[in-house]
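Worksheet for the structure shown next.
The values are calculated or read from the model by the stated rules, or taken from the named source; none is laboratory data. None of the values given here were measured: they were computed from a predicted structure. Don't worry about glycine lacking a Cβ; one is built from the backbone with ideal geometry, like all the others, and counts go over all protein chains shown. Please note that ligands, DNA and RNA were not included when accessible areas were found on the heavy atoms of the full protein model with its side chains. Shrake-Rupley method; radii C 1.70, N 1.55, O 1.52, S 1.80 Å.
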Amino acid sequence: MADLSAAELLTQNYPKEAKVAIAARWQGQLYDLAAQLSATATPEPVLPGDREALDILRHSTAHIMAQAVQELFPGAKIAIGPAIEDGFYYDFEYERPFTPEDLPAIEEKMQEIIKAGITFNRKELEREEAQACFAAEPYKQELISELEGPISLYSQGRFVDLCRGPHLPDTSRVGAFKLLSVAGAYWRGDENKASLSRIYGTAFFDRKELKEHLRLLEEAKRRDHRKLGRDLELFLFHEDVGAGRVVWLPRGMLLRYLIEEFERKEHMRRGYYMVQGPQILKRELWEKSGHYEHYRQNMYFTEVDEQAYGIKPMNCLSHMLVYKSKVRSYRDLPMRMFELGTVHRHERSGVLHGLTRVRSFTQDDAHILCTPEQVADEILGVMNFVTDVMDVFGFDYTLELSTRPEKSIGTDHDWELATEALLNALRKSGRAYEINEGDGAFYGPKIDVKIKDALKREWQCATIQCDFTLPERFDLHYTAADGTLKRPVMLHRVILGSIERFIGVLTEHYAGAFPLWLAPEQVRILTVTNRADAWAEEIKSALVAAELRAEVDLRNEKLGAKVRDAQMLKIPYMIILGDKEVDEKLVTPRLRNGENLPAMGLNQFISRLTEEARLRK
RNA sequence: GCCAACUUAGCUCAGUCGGUAGAGCAGCUGAUUCGUAAUCAGCAGGUCGUCGGUUCGAUUCCGACAGUUGGCUCCA
């Protein structure tokens, strides 16, 4: 049994860099230790915001919150309370769920605890002693029963928690924190287990960092595509349509059309055939493919004339039939088939979220059938495709390899081959990647591409899946050079993923201010008085003739009001027309950032915009 | 699907401790022709998400359903 002081803590158990950072944070009282460490270790990594130090701070804040909750709500049982990406949470079981109204009181109690500067003490106990210690805490009991050896506990005052540590020296070290929200959660993330009440919060070493974090949260709210979708008149959801299904408004549909046209052209350039299948296919076909067995709970079904049909949740089946429509030779491979295919998946109601998680969506889907030897090159080709497209939209991305899940079809041998093929392509790409064990599709492993938006949030868009199974089930083959019949390999892949999700992410990425080539309305012509109406109409005609998207605002409104309306729609260019411009036949463009360009001739303006749209920046 | 909260005019929101509601913006009409983020005035707009229950009476209380939001789980 040992009390571990802050000083000892710094010499134990976690990375040197973190210790140095923590020592620096606490240098007021731990100056000598920090100096000592700096003498033996490298002093460089003393950085504000060091990840480990921040995690320790947040985890300690979670303990403080748990103490506050137990003091305010006697009988509340504690479950777990880790630090997470942006803060921390703690799960509780209580006679009622906590509500946002509870948070101020908890915060106040936490402030008291922080002010009191209570020391965090570490103790190590044998399992039986620890069990006795948590007689009133069933969740802790369960955790202890699974632990080996001496069990470490941390206490601050009368509050004791099972914990690996480390922690701050004392509670006063919490510089700034805020409780953010309450939510439901399950014990151990299992929906069959107890339902707990979770409180989320965040903490930082100083107030400035907290303020900046809260500002980022506000910024995310301002950029929320659900709000922008309404404000910019892009799309709507309607309860009479049903949850998770989008109705596209004119401006949003135009944006979508522009992205889809871009995609069609890019696929044509890269040797894809455009194909298309129907929305519903006989149930037997889904049984043959394995979808009925493995994906049925997510599918919609219908029956007409005693024939059962499945509404497609994926596009692959028609593509298989395209392949089978004639005898294929090795000379035909690789065969790449592309479809902007709308699929319908019965996602559980609770997961729906704006455009990023819907029940009907369109994939920029393609299936590549190739020889086993071609697989690696095809995967690399797709990865290059992804890079090119993401560059156009200004997204950075990360790669993940997902391996065989528990529920899957196909032989071990095929899974190994497919996984190896993807791994090879990843290695060849030279990019860093992570591995998600057991996260693959039921028919094959996959490479997932996650893009980061402007607020550094990650979204899965592109995915490349390697499939040996469907060609088998559909008995696909090609005639090899030696005249024998061979089985092709199939790659499933999307680049943007779901057009809906991509537009949602793109909207937040640009905060609704789409680059010129994607802006539904590129130019709005504003008149100061109705003496400029004729010139305005003439300009609009010329712009439209040059395939630019322009509108006029001839309303009997003050210029300020017209500017404001155009500004709120984030239209890239405004043209302001008063008597001066009419007399000299000029246009004076105003950018949406408020900057005014010098007056120029109409043709010059058209060239400028045409070039800007062509560059897609 | 589960836990929790929410749903009042096209939008953003007040309000009714049970006696059928109000503002701003948007819309329409009129006046105003005014140079870079909101001109003024008037008018119109709601069976208070839907369906049941309790009640003399429900937008308000209760229940179911639908939808939305934050999480959990799942996923493009």
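Select from the stretch A:200-237 the residues that are modelled with pLDDT under 90 and not charged (D, E, K, R) and list them in ascending order.
Within the stretch A:200-237, A:Phe204, A:Phe205, A:Leu210, A:His213, A:Leu214, A:Leu216, A:Leu217, A:Ala220 qualify.
Any idea which residue in the stretch A:181-210 is most open to solvent (accessible area, probe 1.4 Å), counting only those that are more than 9 Å from RNA strand B (Cβ to nearest atom) and part of a strand (DSSP E or B)?
A:Phe204
Can you report the number of residues in the stretch A:116-131 which are closer than 20 Å to A:Pro166 by Cβ and either surrounded by fewer than 15 Cβ atoms within 10 Å (Cβ to Cβ) or within 41 Å of the chain's Cα centre (by Cα) (or both)?
Looking only at that region, the number is 9.
Can you go through A:Leu476, A:Leu526, A:Leu491, A:Leu516 and tell me which one is more than 15 Å from RNA strand B (Cβ to nearest atom), open to solvent by less than 10 Å² (accessible area, probe 1.4 Å), farther than 23 Å from A:Trp248 by Cα and outside any helix (DSSP H, G or I)?
Only one candidate qualifies: A:Leu476.
Out of (1) in contact (Cβ under 8 Å) with a residue 60 or more places away in the chain; (2) within 26 Å of A:Thr419 (Cα to Cα); (3) open to solvent by 30 Å² or more (accessible area, probe 1.4 Å); (4) assigned to a helix (DSSP H, G or I), the odd one out for A:Met320 is which?
A:Met320 satisfies all of (1) in contact (Cβ under 8 Å) with a residue 60 or more places away in the chain; (2) within 26 Å of A:Thr419 (Cα to Cα); (3) open to solvent by 30 Å² or more (accessible area, probe 1.4 Å); (4) assigned to a helix (DSSP H, G or I) except (3).
Quick one: is A:Glu218 open to solvent by 50 Å² or more (accessible area, probe 1.4 Å), within 14 Å of RNA strand B (Cβ to nearest atom) and in contact with a Pro (Cβ under 9 Å, 6 or more places away or on another chain)?
So A:Glu218 does not fit the description; no.
May I ask you to verify whether A:Leu228 is near RNA strand B (Cβ under 10 Å from one of its atoms), in contact (Cβ under 8 Å) with a residue 40 or more places away in the chain and open to solvent by less than 20 Å² (accessible area, probe 1.4 Å)?
Taking the combined requirement at face value, the residue does not satisfy it.
Which one is nearest to the chain's Cα centre (by Cα) among residues in the stretch A:357-382 that are within 8 Å of RNA strand B (Cβ to nearest atom) and charged (D, E, K, R)?
Selected residue: A:Arg357.
Going by the structure shown, is A:Phe134 surrounded by 19 or more Cβ atoms within 10 Å (Cβ to Cβ) and at pLDDT below 85?
Against the criterion (surrounded by 19 or more Cβ atoms within 10 Å (Cβ to Cβ) and at pLDDT below 85), A:Phe134 qualifies.
Would the stretch A:435-442 turn up any residue that is within 14 Å of RNA strand B (Cβ to nearest atom) and touching a helix residue (DSSP H, G or I) at 6+ places or on another chain (Cβ under 6 Å)?
yes
So which residues in the stretch A:560-582 are under 16 Å from A:Glu595 (Cβ atoms), near RNA strand B (Cβ under 6 Å from one of its atoms) and touching a helix residue (DSSP H, G or I) at 6+ places or on another chain (Cβ under 9 Å), if there are any at all?
If the condition is that a residue be under 16 Å from A:Glu595 (Cβ atoms), near RNA strand B (Cβ under 6 Å from one of its atoms) and touching a helix residue (DSSP H, G or I) at 6+ places or on another chain (Cβ under 9 Å), then A:Ile576 is the only one that fits.
Hey, could you check the stretch A:323-356 for residues that are over 29 Å from the mean Cα position of the chain (by Cα), assigned to a loop (DSSP other than H, G, I, E, B) and of a type outside the set (S, T, N, Q) and say which is farthest from A:Ala480 (Cα to Cα)?
The qualifying residue farthest from A:Ala480 (Cα to Cα) is A:Lys326.
With (1) without any contact (Cβ under 8 Å) to a residue 24 or more places away in the chain; (2) of a type outside the set (Phe, Trp, Tyr); (3) within 12 Å of RNA strand B (Cβ to nearest atom) as the list, and A:Met600 as the residue in question, which single condition is left unmet?
Tallying (1) without any contact (Cβ under 8 Å) to a residue 24 or more places away in the chain; (2) of a type outside the set (Phe, Trp, Tyr); (3) within 12 Å of RNA strand B (Cβ to nearest atom), A:Met600 fails exactly one: (3).
Could you tell me how many of the residues in the stretch A:543-566 are more than 25 Å from A:Leu228 (Cα to Cα), open to solvent by 30 Å² or more (accessible area, probe 1.4 Å) and hydrophobic (A, V, I, L, M, F, W, C)?
Residues meeting the conditions: 4.
Report yes if A:Leu609 is more than 15 Å from RNA strand B (Cβ to nearest atom), open to solvent by less than 40 Å² (accessible area, probe 1.4 Å) and more than 21 Å from A:Glu233 (Cβ to Cβ), otherwise no.
yes
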